[in-house]
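The structure appears right after this line, and notes come after that.
Just so it is clear, none of the values below were taken in a lab; they were calculated from the coordinates. Keep in mind it's a predicted model, so treat the numbers as computed, not measured. Cβ sites come from the backbone with ideal geometry, for glycine too, and all protein chains shown count toward neighbours.
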Protein chains: 6
Amino acid sequence: MESKGSVKKVRRGLFVGRFQPPHLGHLHAIKQILSECEEVVIAIGSAQYSHTLENPFTAGERIEMLLMAIRESGIPMERVIVVAVPDVGEHSLWVSKVVSFSPTFQRVYTNNPLVRRLFEEAGYEVKPIILFRRREEMGKVIRQRMIEGGEWESLVPRSVAEFIKKIRGVERLRDAVGKDYPG
Amino acid sequence: MESKGSVKKVRRGLFVGRFQPPHLGHLHAIKQILSECEEVVIAIGSAQYSHTLENPFTAGERIEMLLMAIRESGIPMERVIVVAVPDVGEHSLWVSKVVSFSPTFQRVYTNNPLVRRLFEEAGYEVKPIILFRRREEMGKVIRQRMIEGGEWESLVPRSVAEFIKKIRGVERLRDAVGKDYPG
Amino acid sequence: MESKGSVKKVRRGLFVGRFQPPHLGHLHAIKQILSECEEVVIAIGSAQYSHTLENPFTAGERIEMLLMAIRESGIPMERVIVVAVPDVGEHSLWVSKVVSFSPTFQRVYTNNPLVRRLFEEAGYEVKPIILFRRREEMGKVIRQRMIEGGEWESLVPRSVAEFIKKIRGVERLRDAVGKDYPG
Amino acid sequence: MESKGSVKKVRRGLFVGRFQPPHLGHLHAIKQILSECEEVVIAIGSAQYSHTLENPFTAGERIEMLLMAIRESGIPMERVIVVAVPDVGEHSLWVSKVVSFSPTFQRVYTNNPLVRRLFEEAGYEVKPIILFRRREEMGKVIRQRMIEGGEWESLVPRSVAEFIKKIRGVERLRDAVGKDYPG
Amino acid sequence: MESKGSVKKVRRGLFVGRFQPPHLGHLHAIKQILSECEEVVIAIGSAQYSHTLENPFTAGERIEMLLMAIRESGIPMERVIVVAVPDVGEHSLWVSKVVSFSPTFQRVYTNNPLVRRLFEEAGYEVKPIILFRRREEMGKVIRQRMIEGGEWESLVPRSVAEFIKKIRGVERLRDAVGKDYPG
Amino acid sequence: MESKGSVKKVRRGLFVGRFQPPHLGHLHAIKQILSECEEVVIAIGSAQYSHTLENPFTAGERIEMLLMAIRESGIPMERVIVVAVPDVGEHSLWVSKVVSFSPTFQRVYTNNPLVRRLFEEAGYEVKPIILFRRREEMGKVIRQRMIEGGEWESLVPRSVAEFIKKIRGVERLRDAVGKDYPG
């Protein structure tokens, strides 16, 4: 009953990202996917990393922020499944890793050329995401603004901004600048 | 508003298991935890393993079965968060791994002595789970019955039994007997 | 004669084993595969292990013994490709690992139920190997006889027996008995 | 016939490279080694990587291309052994890893200062390779030309060029530009 | 000046063990080594493991206990170097791992056949340790007695017994019984 | 008896560094820590790496140089414990790794913002190190001078300089320039 349009919806679409942090572009993409699929599996990549410039937040924090953002946005929670997928370090194994850590899915959504290629080589249907503003770089822009003291709050859901402030995420990101590894 | 009793509920309780497969004892435990905590984080351990006697199902399949089981049981989905946590191979790092892959939690529920010890050494409050029938061995019993051709369906939710049959999970488990690794 | 029959041969067949050590059953299987395929890819599994009861010989030693055995047997070398594939520790990634370390292949030959299942779940055609004596256990029998001082030389090609003696392989195997890891 | 010259040949020489992709400089080096050694062991390093700017091709594809290139060049196959060696991530273990994955060898051929140092510290004889044109950078030049749309086919054997086109290797390399990891 | 005997002492001897926990047999061995070498390098193997039946104590705890035991025994601290060496999971790399984590040494002391073989294959001189009572099994005996509630304190230095009691090590060991991994 | 001042000393302070190589700034820091703590635990980070621009020396070599430097400086050896800690690759696990490989400590000394943050998030007291000249960059300066042929010997203890020359460490560092990985 969930898909009432004349076009039959795909059962599940996979949306892969790092969500450092979840932002408005991600919510836009999730809505697009849910207009074409009954459910969306949101796969948080690079799950084991945190406290770096590229990956300041842990998988657990990203899960928590994503759930907040989805609730705030009014997207129906029962149509969303969030999973965390660790990097495996070898591209040729990565699709199998995602498949192993995710409920089954029938289509992949991404604008990343490498992600698209890896899933296509594995036989999956891949569709692009419709850009929301300058979406593809939005995560990077947010982290850059955080480091430089700029305004970043308007690019993320309000609940996400509050969470980041509560855990002092901006300070954490700045401490990671220029020091990739302890010692 | 969620906790209306005179005793203030803990914000979140963590429930660690392997869920190979999710069974009635797990649902019983989740209900107990939700009577004491506002939310439960269900952490699927040994997430990277599958196709073995101890871990026949992938993390993705276990997530899918858990979500089915929770829906079927009437447990409110909005109070449940499911995460998958890979084994790290070193017990002294394991609690940090769970913390990194989970939203924050304030209490841990387990009957496993090692899990209890590791979390207590890390300073967490740990509470036992009230046994449901012979719960602690129920996963093992189910897998044993599957291998031997016994009746196992009554120990799991109906949706879980159907899912396992659809993916031919019993046959997979039997193929793993006596052969721990390919080659 | 080899590929002129009325039935068109498959381009390449994959033969996975641990080859600890290569024995007469392996040669028998290779001949069978070459009667049905133009070329055989011999994939040495568990490649990173050595000096254990299950895996006494290194990947390099197993490659060297396989090449000796194939030459001795008269099997045409130009139709054989030998590759070593490290275990990845997660069954759900293993087929991708084999694919990544092997030239392309179109069919898999194995009697191991787990190997069969993993390749079938990944969409490959899998065929059984015709048993040579008690082939499936021959590697185990050989290692057992080596440990107990029994006669094992008649189960392997002459060149393999000589190589094992030259590197004092039987003594190495015995040193591994009962001590799985140094320290 | 092979070693009857006045100078006694070394039994086996090791030639380490990444072969991304195999090119004319590699064939030139193999011929040099075979003029000084009875056999050459070609060790494909960084074997587990693929789909990156530095390592676009899988170990299996590199094996397949090397075998094609050697056949095309007329180098006698029976004097060549190709092995793939995964990176181990710790330089102090790397020589042991190569030794474990290779048939025995008595001499190492390389122009890489770090490879030379590591093998010399482990007690091996190391000899330089006679440059073929600008050999040392040829792999890098080829990948750069592929990315920029330049002419690269004349730097590799004809069979290698055909293989790369068949698997759409240039497109794969371009998809890896600027995106080191999925997500 | 340190070696005044008529026989010139070896500069450094390596003593590998797991030290779970350090016991009187270990001290006996250290004294033997120091009668033949100027210094001893004590290498704590399987360093990353803890909270298991075979490896109840962390590397840090084992270092702390070893230092206590050596002080208590009157062995001159300035002739002892304690290092921790993680297992590498591949026997063919293990000697290189020990070499990388230890100051240089010229001789190895062990009764373990596999350790002896691995170091001998790498070209090291290996000498046996003179047994102290039933030394080789003493660690195992101690852990067994701890589990069963027997008397174990007389087999370890007094300071080690006190340390284990302070950190509640016996309880930790018992919690590991029958549960190899959390979940 | 060791702490006779009116202010009670902390039992143990942890000093984390890579010690590539140990230099005068490190000795200055160790003296500061020993003025405030009864003992110092020197934790050698990134222990598994060597033969790179950032980490030219093995953990064993760094241990050996640290012991030489401490002896030469007159710092009392019995108040110093040196341990090597491998990187774990995931910042969220790193503090647990250090704790597992070190004897217990009550305070951490560091000027590295990320190290400070990770230990503070884990609940440890962290204090800065009083700079000795341009201490924080001294290791980098030394390695840079080694590469460029500058004077570096005055920045390290005499015994360390001699050791580096004996093992031809400067040549090793130069061989690592521009070639991060073999092959």
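So here's what we get for this one:
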{"read-out": "Label distances, nm, residue B:162 versus same residue in remaining copies, Cβ-directed 7 Å point", "value": "3.9, 5.4, 6.6, 6.6, 8.0"}
{"read-out": "Dipole-positive endmost among F:84, F:142, F:115 within segment F:67-147 (Cβ charges, Cα centre)", "value": "F:142"}
{"read-out": "Pairs beyond 24 Å (Cα-Cα), from A:9/B:166; A:140/D:140; A:8/A:127; D:140/E:97; D:31/E:97; C:31/D:165", "value": "A:140/D:140; D:140/E:97; D:31/E:97; C:31/D:165"}
{"read-out": "Amide hydrogen neighbours beyond the local backbone of residue B:87, cut-off 5 Å, H modeled", "value": "B:46, B:47, B:48"}
{"read-out": "Per-copy distances of the residue F:71 label point, shortest first, in nm (7 angstrom along Cα→Cβ)", "value": "2.1, 5.2, 6.2, 6.2, 7.0"}
{"read-out": "Other protein chain Cβ atoms within 10 Å, averaged over every residue that makes up E:114-123", "value": "4"}
{"read-out": "Amide hydrogen neighbours beyond the local backbone of residue B:107, cut-off 5 Å, H modeled", "value": "B:12, B:14"}
{"read-out": "In segment B:76-183, the GluC sites (Glu not before Pro) that fall in loop regions by DSSP, at most 10 other Cβ within 10 Å", "value": "B:151"}
{"read-out": "Projected area averaged over orientations for segment F:10-176, convex hull of C-alpha atoms, nm²", "value": "8.9 nm²"}
{"read-out": "Residue of A:53, A:93, A:173 that the Gaussian network model of chain A assigns the largest fluctuation, springs spanning Cα pairs under 10 Å", "value": "A:93"}
{"read-out": "Cα centroid of segment D:102-131 to Cα centroid of segment C:55-90, whole Å", "value": "24 Å"}
{"read-out": "Dipole magnitude of segment D:1-106, debye to nearest 20 (Cβ charges: Lys/Arg +1, Asp/Glu -1, about Cα centre)", "value": "380 debye"}
{"read-out": "Cβ charges +1 (Lys, Arg) and -1 (Asp, Glu), total dipole of the protein assembly as shown, debye", "value": "20 debye"}
{"read-out": "Selection from F:45, F:105, F:70, by position along the positive dipole direction of segment F:1-110 (Cβ)", "value": "F:105"}
{"read-out": "Inter-copy spacing of residue C:150 label points, which lie 7 Å from Cα along Cα→Cβ, given in nm from shortest upward", "value": "3.5, 3.5, 6.4, 7.0, 7.4"}
{"read-out": "Calculated FRET value between residue E:11 and residue F:54, using beta carbons and R₀ = 30 Å, to 0.05", "value": "0.50"}
{"read-out": "Sequence of F:12, B:71, A:174 once ranked by neighbouring C-beta atoms within 10 Å, starting from the fewest", "value": "B:71, A:174, F:12"}
{"read-out": "Contour minus Cα-Cα distance for residue A:168 and residue A:130 (0.36 nm per residue)", "value": "10.5 nm"}
{"read-out": "Test item: Cα-centred dipole of chain B, Lys/Arg +1 and Asp/Glu -1 on Cβ, debye", "value": "360 debye"}
{"read-out": "Calculated over the protein assembly as shown: convex hull of Cα atoms, volume per residue (Å³)", "value": "216 Å³"}
{"read-out": "Over chain C, relative contact order from alpha-carbon pairs under 8 Å, at least 6 apart, %", "value": "27 percent"}
{"read-out": "Rotation relating A and D, chain D residue nearest the axis via C-beta, angstrom", "value": "D:89, 5"}
{"read-out": "Residue F:121-residue A:77 FRET efficiency (beta carbon distance; Förster radius 30 Å; 0.05 resolution)", "value": "0.50"}
{"read-out": "Cβ-based exposure ranking for D:73, B:96, in which fewest neighbours within 10 Å come first", "value": "D:73, B:96"}
